[in-house]
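The values are calculated or read from the model by the stated rules, or taken from the named source; none is laboratory data. Just so it is clear, the structure is predicted and the values come from calculations on it, not from any experiment. A quick note on method: Cβ atoms are made from the backbone with ideal geometry, for glycine too, and the neighbour counts reach across all protein chains shown.
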């Protein structure tokens, strides 16, 4: 699935004008989830925008208590109603736990594709082994895998799997909850390029083959800055400096 380098992560966004503004400044990928409780906000923002619906891939995620085969379709239809859409471009399994059963959940997602309610199936927060198991039961190709990825946490085995099987790795929390600003390695790169640590973190991610990202922002200034960061090219020395950070901090462990 083709996704732009920078999309809009919407966790915590409760104002549809933020989504409308993001589309106005050039975002063409909206990422939400049932657990964010803002699918209607995202849908309202999209509906208010002058940007054509067909230009904007919309992704949402089924939460862990709605992954039973008897709930997948009904839960998806509830998401579509909140989004105000007749189909969603990308539907993720948010986390492979609780009611998730690959032998029954994934065929139910295939059925949604066959029914025209979902264009593509994605997975989120899976391990390499769980991805391999998913491929045994899912007829549709894995269209994307969304994972936490930033300068303080990046599992290279997941990137290798994405590259091997030809799907994008979608990085959430690319700014490490604002912590990227605290590290001298990132600060030094930012100073060399007369930019911000946040821009450096985003540039480092999208400069990695096979990786796109979905940072959250609410102001026009930050929305524009995050989008523009994709144009910053970091030389190998700067990338190596970022990757030399030894501290590992996962914000959303299982």
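Going residue by residue through the stretch 48-59, is there one that turns out to be without any contact (Cβ under 8 Å) to a residue 12 or more places away in the chain, closer than 18 Å to residue 113 by Cα and loosely packed, with under 15 Cβ neighbours inside 10 Å?
yes
Can you tell me which residue among 51, 18, 41, 56 is over 20 Å from the mean Cα position of the chain (by Cα) and either modelled with pLDDT of 95 or more or over 14 Å from residue 109 (Cα atoms) (or both)?
Of the residues listed, the single one that is over 20 Å from the mean Cα position of the chain (by Cα) and either modelled with pLDDT of 95 or more or over 14 Å from residue 109 (Cα atoms) (or both) is 51.
Which condition number in (1) in contact (Cβ under 8 Å) with a residue 40 or more places away in the chain; (2) assigned to a loop (DSSP other than H, G, I, E, B) is the one that residue 246 fails?
(1)
Regarding the stretch 194-202, can at least one residue be identified that is under 14 Å from the mean Cα position of the chain (by Cα) and either surrounded by 15 or more Cβ atoms within 10 Å (Cβ to Cβ) or part of a helix (DSSP H, G or I) (or both)?
Within the stretch 194-202, one or more residues are under 14 Å from the mean Cα position of the chain (by Cα) and either surrounded by 15 or more Cβ atoms within 10 Å (Cβ to Cβ) or part of a helix (DSSP H, G or I) (or both).
Taking residue 42 and the conditions (1) touching a strand residue (DSSP E or B) at 6+ places or on another chain (Cβ under 6 Å); (2) not in a helix (DSSP H, G or I), which numbered condition does it fall short on, given that it satisfies the others?
With respect to (1) touching a strand residue (DSSP E or B) at 6+ places or on another chain (Cβ under 6 Å); (2) not in a helix (DSSP H, G or I), residue 42 is out only on (2).
May I ask you to list pairs of residues, at least six apart or on different chains, whose Cβ atoms are under 8 Å apart, with the first in the stretch 151-172 being surrounded by fewer than 13 Cβ atoms within 10 Å (Cβ to Cβ) and the second being in a loop (DSSP other than H, G, I, E, B)?
Close Cβ pairs (under 8 Å, with a partner that is in a loop (DSSP other than H, G, I, E, B)) amount to 166/141.
Any idea how many residues of the stretch 173-196 are at negative phi and in contact (Cβ under 8 Å) with a residue 60 or more places away in the chain?
Going through the stretch 173-196 one residue at a time, the tally reaches 3.
How many residues, within the stretch 66-77, are exposed (fewer than 15 other Cβ atoms within 10 Å of the Cβ) and either at positive phi or assigned to a helix (DSSP H, G or I) (or both)?
Residues flagged as exposed (fewer than 15 other Cβ atoms within 10 Å of the Cβ) and either at positive phi or assigned to a helix (DSSP H, G or I) (or both) within the stretch 66-77 amount to 2.
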